[in-house]
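Down below is the structure, laid out as structure tokens.
The values are calculated or read from the model by the stated rules, or taken from the named source; none is laboratory data. The shown structure was predicted, so the numbers you read here are calculated from the model rather than taken from an experiment. Note that each Cβ is placed from the backbone with ideal geometry, even for glycine, and that neighbours are counted across all protein chains shown. Remember, those area values only see protein heavy atoms, side chains included, never the ligands or the DNA or RNA. Shrake-Rupley method; radii C 1.70, N 1.55, O 1.52, S 1.80 Å.
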Amino acid sequence: MKDILDKISSYNIFNYLLPGILFSLSAKYLTPYNFIQEDNLIGAFLYYFIGLVVSRFGSIILEPLFKKTSFVKFRDYKKYVEASKKDTKIELLSEVNNTYRTITAMLFLLLMLKLYSFVENKYEISSSTTYLILVIALLLMFVFSYRKQTNYISKRIDSNL
């Protein structure tokens, strides 16, 4: 267990674990859904996964929306890599930036979960339908996450050639 804890980076804590815990606690009080686990080990893995989902939602859905509306502007990735080599604080700033995006995504998803609970009750949506919707949404999100991560790796390779 200590080996696992030693390998958890601040990025993993602030962009996955913390948002997963906050989402789970907030959902318990704002919606009829309860993700809180009695078993701490299972809870840690579940909260990490929930935080990962929240983070990916921010990366795959919110970030492109913010870019398209010019709410945020990004620099060329090659310039980011070059600048990061000269100024190591850029990576820390980027990590903090991703934390803000993830917290924004968490709050957005909490609102969506609250809205879904109203729709689920109004239209009497079965739990099996809810699980199917969730699995399809997660599948799509992780497929697009995989594509985005692969593109980042390719850009990083290209910027170092």
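Structure above, values below:
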{"read-out": "Per-region count, segment 104-120, residues touching a residue at least 24 places away in the same chain (Cβ under 8 Å) and open to solvent by 50 Å² or more (accessible area, probe 1.4 Å)", "value": "3"}
{"read-out": "Condition broken by Ile125, with the remaining ones in (1) touching a Phe, Trp or Tyr at 6+ places or on another chain (Cβ under 6 Å); (2) in a loop (DSSP other than H, G, I, E, B) satisfied", "value": "(1)"}
{"read-out": "Any hit, segment 19-31, residues being open to solvent by 80 Å² or more (accessible area, probe 1.4 Å), touching a helix residue (DSSP H, G or I) at 6+ places or on another chain (Cβ under 7 Å) and either free of Cβ contacts under 8 Å to residues at least 60 places away in the same chain or in a loop (DSSP other than H, G, I, E, B) (or both)", "value": "no"}
{"read-out": "Total residues in segment 32-65, condition β-branched (Val, Ile, Thr), in contact with a helix residue (DSSP H, G or I) (Cβ under 9 Å, 6 or more places away or on another chain) and open to solvent by 50 Å² or more (accessible area, probe 1.4 Å)", "value": "2"}
{"read-out": "Members of segment 131-161 that are touching a residue at least 40 places away in the same chain (Cβ under 8 Å), exposed (fewer than 13 other Cβ atoms within 10 Å of the Cβ) and in a helix (DSSP H, G or I)", "value": "Tyr152, Asp158"}
{"read-out": "Looking only at segment 71-80, and only at residues there that are assigned to a helix (DSSP H, G or I) and modelled with pLDDT of 90 or more, the one that is most open to solvent (accessible area, probe 1.4 Å)", "value": "Lys79"}
